[in-house]
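Down below is the structure, laid out as structure tokens.
The values are calculated or read from the model by the stated rules, or taken from the named source; none is laboratory data. All values reported here derive from a predicted model rather than from experimental measurement. Cβ placement follows ideal geometry from the backbone for every residue including glycine, while neighbour counts extend to all protein chains displayed.
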Amino acid sequence: MKIITINDVEYAVFAANEGTSKPQPHIIETKSGTIPEGKQLSLLKEYLKQNDISPIKGATTHWCIDKVFRLDSSREKVEIEKPHEQQYLPLTEENIEEQHKVVGASSNYGKEGLIIHDVLNAFPLHNDLNTIAMKIAVIDVTNSTHLSQYKSRLSLYDLAKVILEIPNFDDRLAEGDPELVNIIARNIGAVNMFSFASKYCTYHNVEIYGRDDYSIFDGIVKNTLPYYIPGLTVNRIDTWRRNFDYETFNECVGNLLDENNIHIPFRRRKFDHFLWYANR
């Protein structure tokens, strides 16, 4: 059995005939103890992609689980023993700008970025529940945060209502208040939405207010940052997520950029593109 995290949800991965009443290879959400019926294959494929493994055409749940266990014994062992082996792009202003331009010019990501910009600027405020729900959906779909998988515990209505009821949300968003990410991530206590919350605040802060106060958190960022910060571990980064400590995570990114003399405009937003697009 192996514990993995997919989109901020923890799952236990079981091989065939391993400790449960289900003989086939499968995954179980650790918090609820349920099998994500109908979603196992897509979740496993996403996990493999985040770990630089492209599922073959016709890949099955059994194939994916086998790769997950092989990843544990091979690639992750290499990462632990040689966390700073140079296999990522050097962190320079030039490389960051180049990757940012590639994302903007791409046929899918670039156009979706324009959609987000236009929608948020057409509906910048957070004074109407339906408008907030619409913006949540746009960011969810374009960023593949898969909120629908939590629907039984956290509805779109619930999440929109949480944001609507945050005092002075727009003013605090314009000022880059890091606590907003933690509040949204906690929501109604149903599921940790740390990744989505960081994206929701980042997009509004950048696209509406022209600022660069937030850093995006996701699986790729979590797995890649240790290659650029000696001594930092994936587990430590995930502890910030589990403890809703966004401020520490955001400061970590800012310090990394300062130490590498990265002072370009919108450096946090472009750094996310650098990490994500170059290492996806």
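Each residue in the range 250-276 was checked for being buried (at least 18 other Cβ atoms within 10 Å of the Cβ) and in contact (Cβ under 8 Å) with a residue 40 or more places away in the chain, and 12 pass. When 216, 229 are screened for being crowded, with 16+ Cβ neighbours inside 10 Å, more than 17 Å from residue 100 (Cβ to Cβ), touching a residue at least 12 places away in the same chain (Cβ under 8 Å) and in the same structural domain as residue 112 (by TED's automatic domain parsing), only 229 passes. Among the residues of the range 89-138, write down those that are charged (D, E, K, R), within 30 Å of residue 149 (Cα to Cα) and part of a helix (DSSP H, G or I). Answer for the range 89-138, where residues must be charged (D, E, K, R), within 30 Å of residue 149 (Cα to Cα) and part of a helix (DSSP H, G or I): 111, 112, 118, 135. Residue count for the range 217-239 satisfying the condition of being small (Gly, Ala, Ser) and closer than 21 Å to residue 185 by Cβ: 1. A search for C-beta distances below 6 Å between a residue of the range 160-181 that is under 20 Å from residue 245 (Cβ atoms) and any residue that is modelled with pLDDT under 95, counting only pairs 6+ apart in sequence or on different chains, returns 162/187.
Of the candidates 43, 114, 89, the single residue that is at pLDDT 80 or above and touching a helix residue (DSSP H, G or I) at 6+ places or on another chain (Cβ under 6 Å) is 89. Considering 68, 102, the condition of being modelled with pLDDT under 90 and hydrophobic (A, V, I, L, M, F, W, C) is satisfied by 68 alone. Of all the listed residues (156, 173, 147, 125), the sole one being buried (at least 16 other Cβ atoms within 10 Å of the Cβ), within 19 Å of residue 206 (Cα to Cα) and not basic (Lys, Arg) is 173. Among the conditions (1) aliphatic (A, V, I, L, M); (2) free of Cβ contacts under 8 Å to residues at least 24 places away in the same chain; (3) over 21 Å from residue 241 (Cβ atoms), the only one that residue 48 does not satisfy is (3).
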